[in-house]
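The values are calculated or read from the model by the stated rules, or taken from the named source; none is laboratory data. Predicted model, so just to flag it, every value in this text is computed and none were measured. Here Cβ is always computed from backbone atoms with ideal geometry, including for glycine, and neighbour counts include all displayed protein chains.
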Amino acid sequence: MKFLFDLFPVILFFVTFRYTHQHSDMANELAGRFLGEVNPAQAPILLATVVVILATLAQIIYVRLRHGKVERMLLLSFALVAAFGGLTLLLQDDNFIKWKPTVLYWVMAVSMTVAALCKRNALRLMLSEKIELPETAWLRLNFAWIGFFVFMGALNLFVAYRYPTEVWVDFKLFGGMGLLLLFALAQGVYLSRFIKEDAADPHV
């Protein structure tokens, strides 16, 4: 359920873009009404950008009212989508919103790298209460995620600049999430060896 909640803005972004892309006249009329005169070719991505900004803001408000505290990652995501989305709307240039996922991935990679250099393993800080691992395993996991985030940031730019916007929008939802799930599954397989070892130990 939380996974779908986290995907809520991305799903709305995808649905809005796809629908308005297929109904170009309506998209141009809506964009002109709310954003002023726009390039008709940019209308779908501009409307989708407005929706993803509002959806992310709605997420923050809901989490704040429901739990009293908003996670830093959600705040960072909103700051980036507001900044890059705002530039997209202001300049009517979809390159800015296409850069947002890459910046988010690379900020996460840099943050985890800096933490590791300061002898603070970000994954261990988050997960140590739920799972016990040898120090080498924590290090491997940490750097595996750093590598994954660097790769995903580069892949996002490759798709954004090599293919049409509609392909990038599809990749943002299905490709990005699909690769994330596959990588998480691979991490689960790696972790399973330690879980089995613990289960076999009668002293645990």
Within the range 14-58, the residues that are in contact (Cβ under 8 Å) with a residue 24 or more places away in the chain, part of a helix (DSSP H, G or I) and either polar (S, T, N, Q) or outside the structural domain of V81 (by TED's automatic domain parsing) (or both) are T16, T20, Q42, T49, T56
When restricted to G68, G85, the only residue small (G, A, S) and in contact with a Lys or Arg (Cβ under 8 Å, 6 or more places away or on another chain) is G85
Taking first residues from the range 66-89 that are within 17 Å of S111 (Cα to Cα) and second residues anywhere that are modelled with pLDDT of 95 or more and part of a loop (DSSP other than H, G, I, E, B), the pairs with Cβ under 9 Å that are 6 or more apart or on different chains are none
Only one of (1) closer than 28 Å to V189 by Cβ; (2) assigned to a helix (DSSP H, G or I); (3) basic (K, R) does not apply to R120, and that is (2)
Of those in the range 108-119 that are aliphatic (A, V, I, L, M) and surrounded by 15 or more Cβ atoms within 10 Å (Cβ to Cβ), the residue farthest from V81 (Cα to Cα) is A116
Of the candidates V107, V159, V70, the one satisfying the condition of being farther than 18 Å from A184 by Cα, part of a loop (DSSP other than H, G, I, E, B) and within 17 Å of the chain's Cα centre (by Cα) is V70
Over the range 138-195, the set of residues under 14 Å from A109 (Cα atoms) and buried (at least 18 other Cβ atoms within 10 Å of the Cβ) is L141, N142, W145, I146, F148, F149, M152, G153
Within the range 162-197, residues without any contact (Cβ under 8 Å) to a residue 60 or more places away in the chain and either within 21 Å of T49 (Cα to Cα) or outside any helix (DSSP H, G or I) (or both) come out as R162, Y163, P164, V167, F171, F174, G175
Picked from the range 1-43 (must be touching an Asp or Glu at 6+ places or on another chain (Cβ under 9 Å) and closer than 19 Å to F174 by Cα), the residue surrounded by the most Cβ atoms within 10 Å (Cβ to Cβ) is F17
